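The values are calculated or read from the model by the stated rules, or taken from the named source; none is laboratory data. Values in this document were obtained by computation on a predicted structure and should not be read as measured data. Because the Cβ atoms are built from the backbone with ideal geometry, glycine has one as well, and the counts that use them run over all protein chains shown. For the accessible areas, the whole protein counts, side chains as well, though only heavy atoms, and no ligand, DNA or RNA atoms are used. Shrake-Rupley method; radii C 1.70, N 1.55, O 1.52, S 1.80 Å.
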Amino acid sequence: MESAADYLPKNLSLTSLRTAAAGCHGCDLYKYATRTVFGEGRARARLLLVGEQPGDSEDRAGRPFVGPAGRILHQGLEAAGIAPRDIYVTNAVKHFKFIERGKRRIHNKPKTIEIRACKPWLEAELEVVRPELIVALGATAAQSLLGSTFRLLVSRGRVIAQPGLRAPVVPTIHPSAVLRAPDSETRHAEMRKFIADLRIAAKALATGLPPAA
Ligand code: URA
Ligand code: SF4
C-alpha cells in the first residue's frame, strides 16, 4: 500500500519532516487540497495534541487549527491552564479532504486507509517531539493512535497507556463537536466537558504519568 513512509527523510527533525511532507503523495488527498498542513509548536513540547485533518482555513493558511475549531481549542487550552508555548499541535491526516458545494468546500471525513497512509508523519512527529502526553481530539485521532475498535465516548478524559504507544493518550472530543452543538445550552455543556478533559491532561502532566508502555 502507498503511504507517507515512502516520503520520510533520512534524518528526522521537524524542519526535514515539514519539507518532506510538503511533497507527500502517500495517498490521493494531495491531489485536491492546496497544500500539506504539517504540525507546529514547540520542538520538545511535553504535550502533543492530534486533530483530525486541516479544515478550509487551515488549508488556505498552511497551519493547523487556525480556523473556528482552532478558536475553540485555544479557548479550551487556556481554560485548562495549558500555555500555547508548551504544546505541539498536529493532525492525523495532513491534507484537507472536502466535497465541493458550489463555492464552499465542506469537510469530508478521512477514510481509514487515508488515516493509515498518513500515520508515518504522526509517528515521526512523536519521535522527534517525544511528548510526555498526547491528547487525541476526536475519533479520527483516537483511531489513528489507539486503533479502530476504540470507543471515544466510553474512554474520553482518561489517561490511556497501551503497548506500542509512544506516550499515554487522553482522548477527548473534537473541538468542532462543540461548534456543531444544536443550541447554546448544549454548546456550553460540551465546552465544559471538553475543558474538563483538557484539565485531566494538565493534571497528569503536573502530577506524573503512568510509565510509558
Ligand atoms: N480540525 C482539525 O482537526 N484540525 C485542524 O487543524 C483544523 C480543524
Ligand atoms: Fe501524504 Fe498524508 Fe497528504 Fe495523504 S494526507 S498525501 S499521506 S500527507
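Can you tell me how many residues within the stretch 33-80 are surrounded by fewer than 19 Cβ atoms within 10 Å (Cβ to Cβ), polar (S, T, N, Q) and within 12 Å of ligand 1 (Cβ to nearest atom)?
1
Given the condition in a loop (DSSP other than H, G, I, E, B) and hydrophobic (A, V, I, L, M, F, W, C), answer yes or no: does some residue in the stretch 64-77 qualify? Please lay out each step first, then the result.
Of the residues in the stretch 64-77, the ones in a loop (DSSP other than H, G, I, E, B) are 64-67.
With the extra rule that they be hydrophobic (A, V, I, L, M, F, W, C), the set shrinks to 65-66.
Yes, because at least one residue in the stretch 64-77 is in a loop (DSSP other than H, G, I, E, B) and hydrophobic (A, V, I, L, M, F, W, C).
Would you mind stating whether A43 is of a type in the set (A, V, I, L, M), part of a loop (DSSP other than H, G, I, E, B), out of contact with any Pro (no Cβ under 7 Å at 6 or more places or on another chain) and within 16 Å of ligand 2 (Cβ to nearest atom)?
Numbers: of a type in the set (A, V, I, L, M): yes; part of a loop (DSSP other than H, G, I, E, B): yes; out of contact with any Pro (no Cβ under 7 Å at 6 or more places or on another chain): yes; within 16 Å of ligand 2 (Cβ to nearest atom): no.
So A43 does not fit the description; no.
Can you tell me which condition A22 does not meet? The list is (1) away from ligand 2 (no atom under 15 Å from the Cβ); (2) open to solvent by 40 Å² or more (accessible area, probe 1.4 Å); (3) within 18 Å of the chain's Cα centre (by Cα), and all the others hold.
(1)
Just the residues that are more than 13 Å from ligand 2 (Cβ to nearest atom) and surrounded by fewer than 19 Cβ atoms within 10 Å (Cβ to Cβ), please, taken from the stretch 113-129. Outline the logic, then answer.
The first filter runs over the stretch 113-129 and keeps only residues more than 13 Å from ligand 2 (Cβ to nearest atom), leaving 126-129.
Listed by number, the residues that qualify are E127, V128.
Could you tell me which numbered condition Q143 fails, if it satisfies all but one of (1) under 17 Å from L49 (Cα atoms); (2) within 16 Å of ligand 1 (Cβ to nearest atom); (3) touching a residue at least 40 places away in the same chain (Cβ under 8 Å); (4) surrounded by 22 or more Cβ atoms within 10 Å (Cβ to Cβ)?
Tallying (1) under 17 Å from L49 (Cα atoms); (2) within 16 Å of ligand 1 (Cβ to nearest atom); (3) touching a residue at least 40 places away in the same chain (Cβ under 8 Å); (4) surrounded by 22 or more Cβ atoms within 10 Å (Cβ to Cβ), Q143 fails exactly one: (4).
Restricting to the stretch 65-88, what's the tally of residues that are closer than 16 Å to I134 by Cα and either within 16 Å of ligand 2 (Cβ to nearest atom) or among the charged types (D, E, K, R) (or both)?
The qualifying residues number 2.
In the stretch 6-19, what count of residues is obtained for those that are part of a helix (DSSP H, G or I) and more than 10 Å from ligand 2 (Cβ to nearest atom)? Let's see the steps before the verdict.
From the stretch 6-19, those part of a helix (DSSP H, G or I) are 6-7, 14-19; that's our starting set.
Still in the list and also more than 10 Å from ligand 2 (Cβ to nearest atom): 14-19.
Summing the residues that are part of a helix (DSSP H, G or I) and more than 10 Å from ligand 2 (Cβ to nearest atom) in the stretch 6-19 gives 6.
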